[in-house]
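Read the structure below first, then the notes.
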């Protein structure tokens, strides 16, 4: 019976130790009558034998809370018709083919020292679609479609394309006419060839600008349109 009570007391003492933390009570009540926990005992022991510890605020214990609602912000996409992407890809592929075919004579093409008929065809397929797309951009941005008798947007683009072709041909014929009239045919012919070279360079620069204009977020439209117009004015 005594052994059983002793065993129960031992078990009870173990449970009491496990349930309650260990405290260390100083032997002398004259110095300090406070009860120290195990953590305080370790800190005091280290402070007595080592340089005193300095407590700093921990970044992991104190966290500042910012009362802000986290909402998903919709990106302002710039919607564009599918045929615009097709025109830009057509001009890009045509430029790549041009560089591949005329790789040895690309400088002559740019300088205009090439057959004028070839330069005219290249300008029609490269510069004219890009220039027409640049003229279509502000019409689409500011919704000026009501000023056209055609309701189709692609039809309006085709109308602008024909106007650009007419302008380029009229300019070419007018310069050729003045060359014949004032007997400066060679100079005017060289001017037309150089103009075709400028057309090719302008189309090469305007193509990526227009791609960014139509497919970047809507808040960048004015910036890209201004960059395109500045590039056009430099080479005109």
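The values are calculated or read from the model by the stated rules, or taken from the named source; none is laboratory data. Quantities reported herein were computed from a predicted structural model and do not represent experimental measurements. Cβ placement follows ideal geometry from the backbone for every residue including glycine, while neighbour counts extend to all protein chains displayed.
Here are some notes:
- Odd one out for residue 80, checked against (1) surrounded by fewer than 17 Cβ atoms within 10 Å (Cβ to Cβ); (2) within 30 Å of residue 186 (Cβ to Cβ); (3) modelled with pLDDT under 80: (2)
- Residues that are over 16 Å from residue 199 (Cβ atoms) and surrounded by 13 or more Cβ atoms within 10 Å (Cβ to Cβ), drawn from region 159-175: 159, 160
- For region 189-202, the criterion of being modelled with pLDDT under 90 and at positive phi is satisfied by no residue at all.
- Residue check, residue 184 free of Cβ contacts under 8 Å to residues at least 60 places away in the same chain and either touching a helix residue (DSSP H, G or I) at 6+ places or on another chain (Cβ under 8 Å) or under 21 Å from residue 89 (Cα atoms) (or both): yes
- Criterion (touching a helix residue (DSSP H, G or I) at 6+ places or on another chain (Cβ under 9 Å), assigned to a helix (DSSP H, G or I) and surrounded by fewer than 17 Cβ atoms within 10 Å (Cβ to Cβ)) met by exactly one of 196, 127, 211, 178: 178
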